[in-house]
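First up is the structure itself, then whatever we jot down about it.
Any read-out appearing in this document is the output of simple, stated calculations on the displayed coordinates, not a laboratory observation. All values derive from a computational prediction rather than experimental measurement. Backbone-built Cβ (ideal geometry, glycine too); neighbour counts: all protein chains shown.
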Amino acid sequence: MKFCALACLATFAATSLSAAVWPKHRKDITVFRGRVALADGTLPQLLVMVERVCNGVAKDGAYADSEGRFAIEFGPEDDASHCLFRARLPGYRSSTLSPADANEGNLGTLVLRWRGAKDDTAARSARNKLMTKPGWPLYESGLDLASKGKFNDAEYSFDQSTKVFPWASSNFFALGILRQREGDGVGAEKSFALAMAAEDSWVLPFVYTCQLEASRQEWQPALEHAKKVIAVDPKAFPGAWFVSAWASLNLHDLDAAESSAREALALDTEHEFPELDYVLALALSDKGDKMGAAEHLKAYLEHDPKGRRAQAARDQLSQLTAAK
């Protein structure tokens, strides 16, 4: 009976969602629609966030659904003239789309290209292709529900899919992302751990885990997991180098902090991690390179003038200037 209930839920969810992919909106709301795909034309089949970057500031927009489609709303108070859209998936570099190029709200396709020197096998879960009914429809329904902002329903759908296929790491990974979004760090960490245990060759759960550990100042495990990510492909994950820099700084390994920060800066051409300059400035300052520290504090403030560390950076820059 339990298996039948899950199958019925999957069938209902898939049917109801396919009937209403794009909801109707008020006339004063502008909706920009598009699609996300990998460079080879295949779908990510993961929770991929499409960001709106307005005046250089990135904010979450919407998740792509199981077909890679997304829809982002702009209200009458929003100015889209200085905005771009890009997809966010660790290990990949996204193309951008402009509202100015939209055809009746249709933007086109955001293409995700692999950053690394090797192929992207380690960034794709090998378990997805093994999922069948009723687990796969439940997983797809979770993606569709998340794309519509129905996060509680999405969590339920992913959770039900784990009960059918407890070895399917993508389900646990998706649950971790949604729980982290809700501020449930403990639940997210548990979900990422289950994803890693189910498929330890898949690198993306390790990426999110090291970032979560760094945010909780768990520096030693954060460094260990970041090193595992970097070992997979040292050119693919600037975020892992960023974690390595912060962790090394707090573990008092200044040389490693400096080298990690410099490696990350070379890879992060989109300035997705503006605090890289800040952590490099701290490492250089502690090593006695005041001129280099001042240079990178200025770079940080240029890229993120309203960032959470901006005032601290200004204070430190003033101190360095006064000490000359």
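By its C-alpha gyration tensor, with a ≥ b ≥ c as the square roots of the eigenvalues, how is the range 27-122 shaped: rounded for a/c under 1.5, else prolate for a/b larger than b/c, else oblate? In terms of gyration-tensor shape, prolate. At a Förster distance of 22 Å, what's the computed FRET efficiency of Lys235 paired with Phe151, Cβ-Cβ distance as r, to 0.05? It comes to 0.10. Maximal additional length on extending the Glu182-Lys306 stretch stands at 42.3 nm, based on 0.36 nm per residue less the C-alpha distance. Placing unit charges on the Cβ atoms only, positive for Lys and Arg and negative for Asp and Glu, gives the chain a dipole magnitude near 600 debye about its Cα centre. Each residue, Asp119 and Asp159, gets one label point 7 Å from its Cα in the Cβ direction; the gap between the two is 3.8 nm.
Against the empirical curve 2.2 N^0.38 Å, the C-alpha radius of gyration of the range 128-322 lands at a ratio of 1.19. Measuring r between the beta carbons of Thr321 and His252 and using R0 = 41 Å, the FRET efficiency lands at 0.95. For Lys306, give me every one of the aspartates and glutamates with a C-alpha distance below 13 angstrom, ignoring sequence neighbours fewer than eight places off in its own chain. Straight-line reach from Lys306, under 13 Å: Glu275. Only aspartates and glutamates eight or more places from Lys228 in sequence, or on another chain, were considered; those with a Cα closer than 15 Å are Glu199, Asp200, Glu213. Separation of the range 87-166 from the range 260-277 is 25 Å, based on Cα centroids.
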